[in-house]
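Shown next, in structure tokens, is the structure this report addresses.
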Amino acid sequence: MADDSETAMAASPAHPADLEPYRRRVADVMRTPPCDIEEDAPLTAVARRMAEEQRGALLVRNRFDQHAGILTERDLTRALGRHGEAALRMTAADIMTADIVAISESAFVFRAIGRMRRLNLRYLPVTDDAGRYTGMVSARALLQMRALEGQVIADELDVAQTAGQLAHARSALPHLAATLLEEGSSAVAIAAVISSIYADITARAAAIVEAQMSAAGEPAPAPWCMLILGSGGRGESLLSPDQDNAIIHAGSTEDDGWFARAGERIADLLNDAGIPYCKGGVMAKNTGWRGNQGQWRARVTDWIRRPAPEALLNVDIFYDLRPVHGALRLGENLRTEALAAARGAQLFLRLLAEQTAQIHPAIDFFGRLREKEGRVDLKLGGLLPLVSAARVMALKHGIAETGTGARLRAVCAGPHPPIGEDDLSRLVDAQELLLRLILRQQIADLAAGRAPGSRIDAEILSKRDRTQLKAALKHIELLPEMVQDVLTGGPA
């Protein structure tokens with residue numbers, strides 16, 4: 001690589017208070033916009049540009065107006081040291097690093113720290129979801145931020161080659177989640193961190209399989225994109241994951257064989273790494289969850305024009321999709337088209353709403369928690385109706401957000417919000433409470449050697465927890481009426 005890490009990046013080991021890397025996104029710490037320079041610019045112009053803009057790194061733009069490399073102040077001084085006056089006749093292209101290592105602006109800061117430490121970088125370009133460069137993060141900006149287990153997770157995932165290595169990264173999550181919870185982080189924020197790791201594991205699994213197939217003489221026949229759906233796409237996963245994924249590609253129907261094999265190998269790798277197969281079959285290894293743009297367009301059209309109630313549970317989580325590997329623009333375009341198709345589809349939205357209304361919160365007519373064998377299922381009887389209702393309302397308004405809280409806030413952001421501020425606040429608080437109670441139970445179950453799930457032990461609820469939970473579930477009971485108000489309120 002063209003750069004070395006600052007001594008500061010090798011700071012003393014982190015301690016439990018160093019939690020900022022798990023709370024902040026790269027977009028919060030990057031410098032924007034990124035500065036660039038033409039590839040044929042002489043080093044004198046490079047030095048002048050760096051001085052004028054007070055930047056330690058520049059992206060290099062080629063004659064096609066594309067960013068083709070990166071150079072840093074250290075590259076400049078090295079060139080001068082090695083070549084003397086002759087360096088003044090060199091250009092940006094002569095000293096740049098052609099392979100640009102970047103990170104998404106939506107990534108958590110701990111991922112940037114891990115990548116920069118592993119690759120000995122002082123500067124890391126930042127991209128948006130479409131792959132456009134939007135900023136630059138420096139080691140100096142991260143100087144005061146250290147990380148816990150996620151630092152190791154970040155390093156391991158970037159170079160993992162086996163299911164065992166992916167599983168080792170995943171195994172650090174319970175302790176990390178427990179630490180974040182103890183330090184007062186919100187459950188919604190912790191779920192976002194956990195989801196980001198699962199997304200990175202899925203992306204890495206896809207990259208491993210793609211590289212293995214290419215090395216075996218089976219390169220991908222066309223650009224493609226790995227998608228995660230459901231809670232992973234919403235950024236709301238906890239410690240009991242499963243696979244919800246799909247593939248979109250730019251090839252023809254004749255290319256399906258490659259993507260079928262890739263989908264199956266990715267699913268097997270994830271399962272071996274401790275992320276089990278989806279019981280509902282929502283995986284790219286199955287025909288209905290992969291295809292090119294035309295196939296996906298036809299599939300979405302069929303879902304919307306002839307919605308089958310028995311299939312809607314799988315269909316609606318599709319709208320939580322998030323691209324994680326490959327040609328991300330394919331996934332972004334699919335999401336944009338699918339949102340546009342659903343927005344005006346009244347029958348489709350009505351059936352989704354009816355399905356949501358049939359999911360009853362875990363509280364009975366007399367205000368008692370619905371228990372089974374001493375446990376209350378807060379996913380089926382709490383999160384599911386809340387998440388589903390927020391999704392339907394977001395689809396009605398064409399909202400691209402996937403997070404439940406973000407969807408609810410976006411629905412209420414207009415001049416005539418269909419949900420009052422008090423209702424919005426209670427629903428957002430309800431999600432936080434449900435996630436916190438489930439996460440706390442999952443951590444306890446794992447510590448006791450039990451498989452984590454969404455059913456909490458009612459006996460360990462404090463009086464305050466029980467009171468707040470009942471109030472939250474009672475408010476979730478009102479969601480069908482709110483959804484109907486949104487659906488009948490006309491276009492946003």
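Among the residues making up the stretch 408-432, those that are charged (D, E, K, R) and in contact (Cβ under 8 Å) with a residue 40 or more places away in the chain are 423, 426, 429, 432. Each residue in the stretch 105-115 was checked for being touching a Leu at 6+ places or on another chain (Cβ under 9 Å) and not β-branched (Val, Ile, Thr), and 5 pass. Of the residues making up the stretch 303-328, those that are surrounded by 17 or more Cβ atoms within 10 Å (Cβ to Cβ), assigned to a helix (DSSP H, G or I) and out of contact with any Lys or Arg (no Cβ under 7 Å at 6 or more places or on another chain) number 8. When the stretch 398-424 is filtered for residues that are more than 21 Å from the chain's Cα centre (by Cα) and charged (D, E, K, R), the ones remaining, listed by number, are 421, 422, 423.
Listed conditions (1) farther than 27 Å from residue 133 by Cα; (2) at pLDDT below 95; (3) crowded, with 21+ Cβ neighbours inside 10 Å are all met by residue 387, apart from (2).
Between residues in the stretch 79-101 that are within 23 Å of residue 63 (Cβ to Cβ) and free of Cβ contacts under 8 Å to residues at least 40 places away in the same chain and residues that are assigned to a loop (DSSP other than H, G, I, E, B) and aliphatic (A, V, I, L, M), which pairs lie under 7 Å by C-beta distance while being six or more apart or on different chains? Short answer, once both residue conditions are applied: 79/90. From the residues in the stretch 181-234 that are of a type in the set (D, E, K, R) and in contact with a helix residue (DSSP H, G or I) (Cβ under 8 Å, 6 or more places away or on another chain), which one is surrounded by the fewest Cβ atoms within 10 Å (Cβ to Cβ)? Going through the qualifying residues, I end up with 218. If the condition is being among the hydrophobic types (A, V, I, L, M, F, W, C) and assigned to a helix (DSSP H, G or I), then the stretch 69-92 contributes 76, 79, 80, 86, 87, 88, 92. Listed by first and then second residue, the pairs linking a residue in the stretch 256-274 that is of a type in the set (Lys, Arg) to a residue that is crowded, with 19+ Cβ neighbours inside 10 Å, with Cβ atoms under 7 Å apart and 6 or more places separating them unless they lie on different chains, are 265/209. Among the residues of the stretch 84-103, those that are under 22 Å from residue 328 (Cβ atoms) and in contact with a strand residue (DSSP E or B) (Cβ under 6 Å, 6 or more places away or on another chain) comprise 98, 100, 102, 103. Of the numbered criteria (1) surrounded by 19 or more Cβ atoms within 10 Å (Cβ to Cβ); (2) within 30 Å of residue 473 (Cα to Cα); (3) of a type in the set (D, E, K, R), the one residue 368 fails is (1).
Name the one entry in 291, 257, 280, 263 that is outside any loop (DSSP other than H, G, I, E, B) and touching an Asp or Glu at 6+ places or on another chain (Cβ under 9 Å).
291
Residues in the stretch 94-122 that are in a strand (DSSP E or B) and within 16 Å of the chain's Cα centre (by Cα) were compared, and the one that is nearest to residue 235 (Cα to Cα) is 108.
Does residue 440 meet the test of being closer than 18 Å to residue 320 by Cβ, modelled with pLDDT of 95 or more and basic (Lys, Arg)?
So residue 440 does not fit the description; no.
If you go through the stretch 245-262 and keep only what is buried (at least 16 other Cβ atoms within 10 Å of the Cβ) and charged (D, E, K, R), you end up with 255, 256.
The values are calculated or read from the model by the stated rules, or taken from the named source; none is laboratory data. The structure displayed is predicted, hence computed values, not measured ones. With ideal geometry, Cβ positions are generated from the backbone for all residues, glycine too; neighbour counts draw on all protein chains shown.
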